Amino acid sequence: MRWLVTGAHGMLGQDLVALLRERGEDVTAADREHVDITDAAAVDAAVAGVDVVVNCAAWTAVDDAETSEGAAFTVNAVGAERLAAAAGRHGARLVQISTDYVFDGHADTPYAEDAEVAPRSAYGRTKAAGEWAVRAGAPDHLVVRTAWLYGAGGPCFPKTIARVARERGGLDVVDDQVGQPTWTVDLAALVVRLVDAGAPAGVYHGTSSGRTSWHGFAQAIVGAAGMDPQIVRPTTSEAFERPAPRPAYSVLGHDALRAAGVEPIGDWAERWEQAAPSVLAGR
């Protein structure tokens, strides 16, 4: 198969391209300078002859989106619409990477794939619009929502926590936001497994299993970095006010994966243990 990966220089894109090349796939790794996903003509030319398009390109600056929603919409929604239209014309399967921010974060049980979206932030609204555009324009689509992503190929929570812990000897991390830390290597593998399985068009959740708080994750990070986890102190979201609201509950269910015969990603703590050496070392 021929693959096109947009946003290929990002944290997820790097791991996906590496995996596809290890498998011997014909893959085009495209970033903004190669394919502007908001340019319909450029997108159409890039998608022609491709079997699978994976859209890893996104405006991910959550706080900046609050004051630049139009610019975020252009990338996250208009860009997705351009890719969907081209994929529909050329008969390609489109994999759209989305986010837990499409939900309001007020649940207390894992969000199902068909749960009502109710984004509370500009970023969430633009990503929800991108999901809608993909479902409307690309009949053969996979919308894969993820959350709390980390990886070796870019800035991420584990790298920041390990650095700050070393520099300061201790730090405060919120313990009232719960989610599923997810390694980009695992998400890349899940995307490939979904395509290999010929999963039905629809929405899937690409997160690790289990759950923890940011505080719990930070303690695991500090421990993996060879420091005492107790130097990470719990605090509340109110102590760290940000321009964009963060979901208090970002646990996503995996029933659609199981229905498609695809095993969800393993428990977050076990996956972090495997990921920690490469993520903390960086590239």
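The values are calculated or read from the model by the stated rules, or taken from the named source; none is laboratory data. Just so it is clear, the structure is predicted and the values come from calculations on it, not from any experiment. Positions of Cβ are generated from backbone atoms using ideal geometry, with glycine treated the same way; all protein chains shown enter the neighbour counts.
Residue pairs whose Cβ atoms lie under 6 Å apart, sitting 6 or more positions apart in sequence or on different chains, and linking a residue in the range 1-17 that is of a type outside the set (A, V, I, L, M, F, W, C) to a partner that is in a helix (DSSP H, G or I), are Gly7/Gly13; Asp15/Thr184; Asp15/Val185; Asp15/Ala188. What do you reckon, is Thr126 under 21 Å from the mean Cα position of the chain (by Cα), outside any loop (DSSP other than H, G, I, E, B), under 18 Å from Pro245 (Cα atoms) and not basic (Lys, Arg)? Answer is yes for this residue.
The C-beta contact set for the range 206-217 (first residue polar (S, T, N, Q), second residue part of a helix (DSSP H, G or I) and buried (at least 19 other Cβ atoms within 10 Å of the Cβ), distance under 6 angstrom, 6+ apart or interchain) comprises Ser208/Trp268; Ser208/Arg271.
Of all the listed residues (Ala57, Ala112, Ala30), the sole one being modelled with pLDDT of 95 or more and more than 26 Å from Pro264 (Cβ to Cβ) is Ala30.
Among residues of the range 254-283 that are in contact (Cβ under 8 Å) with a residue 40 or more places away in the chain and among the charged types (D, E, K, R), those with a Cβ under 7 angstrom from a residue that is surrounded by 16 or more Cβ atoms within 10 Å (Cβ to Cβ) and outside any loop (DSSP other than H, G, I, E, B), sequence gap 6+ or separate chain, pair up as Asp267/Ser209; Arg271/Trp183; Arg271/Asp186. Filtering Arg145, Arg193, Arg166 for residues that are touching a residue at least 24 places away in the same chain (Cβ under 8 Å), of a type in the set (D, E, K, R) and buried (at least 21 other Cβ atoms within 10 Å of the Cβ) leaves a single hit, Arg145.
Only one of Val185, Val203, Val178 is over 13 Å from the mean Cα position of the chain (by Cα), over 28 Å from Ala71 (Cα atoms) and either buried (at least 17 other Cβ atoms within 10 Å of the Cβ) or modelled with pLDDT of 95 or more (or both). Can you tell me which? Outline the logic, then answer.
Details: Val185 fails: over 13 Å from the mean Cα position of the chain (by Cα); Val203 fails: over 28 Å from Ala71 (Cα atoms).
The conditions single out Val178.
In a helix (DSSP H, G or I), more than 16 Å from the chain's Cα centre (by Cα) and more than 15 Å from Val102 (Cβ to Cβ): is that true of Ala165 in this structure? Yes: the conditions hold for Ala165. Among the residues of the range 207-265, those identified as out of contact with any strand residue (DSSP E or B) (no Cβ under 9 Å at 6 or more places or on another chain), within 20 Å of Arg168 (Cβ to Cβ) and of a type in the set (A, V, I, L, M, F, W, C) are Ala224, Ala225, Met227. If Ala41 satisfies all but one of (1) free of Cβ contacts under 8 Å to residues at least 24 places away in the same chain; (2) touching an Asp or Glu at 6+ places or on another chain (Cβ under 7 Å), what's the number of the condition it fails? Ala41 satisfies all of (1) free of Cβ contacts under 8 Å to residues at least 24 places away in the same chain; (2) touching an Asp or Glu at 6+ places or on another chain (Cβ under 7 Å) except (2).
Once the range 211-255 is narrowed to residues that are part of a loop (DSSP other than H, G, I, E, B) and surrounded by fewer than 16 Cβ atoms within 10 Å (Cβ to Cβ), the residue that is modelled with the lowest pLDDT is Glu241.
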